[in-house]
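Remarks on the structure that follows.
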Amino acid sequence: PVCSMGNSTSRLYSALAKTLSSSAVSQHQDCLEQVDSAQLDPIDPKDLLEECQIVLQKRPPRFQRDFVDLKKNAASNHRPIRVMQWNILAQALGEGKDNFVQCPMEALKWEERKCLILEEILAYKPDILCLQEVDHYFDTFEPLLSRLGYQCTFFPKPWSPCLDVEQNNGPDGCALFFLKDRFELINSANIRLTAMKLKTNQVAIAQTLKCHETGRLFCIAVTHLKARTGWERFRSAQGCDLLQNLKSITQGAKIPLIICGDFNAEPTEEVYREFSNSSLNLNSAYKLLSPDGQSEPPYTTWKIRPSGECRHTLDYIWYSQHALNVNSALGLLTEEQIGPNRLPSFNYPSDHLSLVCDFSFNQDPDRLL
């Protein structure tokens, strides 16, 4: 036990440093919904950030990333909705399977890496957070984020590769978090994706939320499609299944939609075209950072494995372009910031970059349908 020294930061240390024993985690593995943390005291995000920075004081400081203003003189009568998408890199995979040959094992230590992940989340203060490769949900993200005011949902992969790693922390999966003081949960669906009518190992969470400020409904979804070259048709089938589910949930796009995910697919792949050409009238938010508004970023993941350097655009935030405006998007790390050893590193906790966008509701959505 950690003694309380009477100030909020020292009390917080136990929340940050403590991890559940593996036996406690195993009891939770079949639990898909949030754990009740209502009895825990709220956390001030500034205190948690300060605690993270104490743990990280021997590491280099966070990289500076700036938001790019994308508003086209569109006035909004409500606070923007900030959405963050991030594959945070499962701890078991980072240490046990992914073979980041230029990343020192010391940079992957969970006690410090979790603070880097939390620091990134706290820096951007998302209203909605969509994560993939979460294998420390029950001992880290749910207990801490619920105390920051988020409602939390987790859906693990049925056969997570994390379970093949010794001393793993349970399966990885997708997690979705939203601030309860901004939104009300109307409906939630955990979706196990199918391909060619067969159930697969990939999942999605889709939640219909009501915005307290505007009274408007919208759907937020998070997913992580099958990885690796050679699985393009499989990803395409998974994408089609997800789109069919989302058509039903949004009543054929009557409810605005935001989809966050690691699609494991470059923009040249069929699954990308399916989302671009869907009847849900989706656009990819990060295209808006390009000069012509038509090109995806040059990379969202950059790592070095034994087979060589891997630099790909795989992560996306899709949105209903008839009903939502993208007010701003967070710029990516530059090649110079990422450095020659690529990701992850002492500076950055994942091999994928976080994507963050500010959305507002279109004042006259029917006009563009």
Can you tell me which residue within the stretch 39-77, out of those that are surrounded by 18 or more Cβ atoms within 10 Å (Cβ to Cβ) and among the β-branched types (Val, Ile, Thr), is farthest from Leu122 (Cα to Cα)?
Val55
Could you list, in sequence order, all residues of the stretch 302-317 that are without any contact (Cβ under 8 Å) to a residue 60 or more places away in the chain, open to solvent by less than 20 Å² (accessible area, probe 1.4 Å) and assigned to a strand (DSSP E or B)?
Trp302
Does the stretch 294-301 include one or more residues that are open to solvent by less than 30 Å² (accessible area, probe 1.4 Å) and within 19 Å of Leu193 (Cβ to Cβ)?
no
Out of Ser350, Ser320, which single residue is within 22 Å of Val134 (Cβ to Cβ) and either open to solvent by less than 40 Å² (accessible area, probe 1.4 Å) or in contact with a strand residue (DSSP E or B) (Cβ under 7 Å, 6 or more places away or on another chain) (or both)?
Ser350
Selected residue (criterion: nearest to Val55 (Cα to Cα)) from residues of the stretch 327-339 that are in contact (Cβ under 8 Å) with a residue 60 or more places away in the chain and open to solvent by 10 Å² or more (accessible area, probe 1.4 Å):
Gln337
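Consider Tyr286 carefully, then state whether it is crowded, with 22+ Cβ neighbours inside 10 Å and either hydroxyl-bearing (Ser, Thr, Tyr) or part of a strand (DSSP E or B) (or both).
yes
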Evaluate the following for Ser188: is it in contact with a strand residue (DSSP E or B) (Cβ under 9 Å, 6 or more places away or on another chain), of a type in the set (S, T, N, Q) and surrounded by 21 or more Cβ atoms within 10 Å (Cβ to Cβ)?
no
Every residue in the stretch 254-275 that is open to solvent by less than 40 Å² (accessible area, probe 1.4 Å) and assigned to a helix (DSSP H, G or I), please.
Val271, Tyr272, Glu274, Phe275
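The values are calculated or read from the model by the stated rules, or taken from the named source; none is laboratory data. As the structure is a computational prediction, the values presented were derived from the model and not from experiment. Here the Cβ is made from the backbone with ideal geometry for all residues, glycine too, and neighbour counts use every protein chain on show. Note: accessible area is taken over every heavy atom of the protein model, side chains too, but ligands, DNA and RNA are not part of it. Shrake-Rupley method; radii C 1.70, N 1.55, O 1.52, S 1.80 Å.
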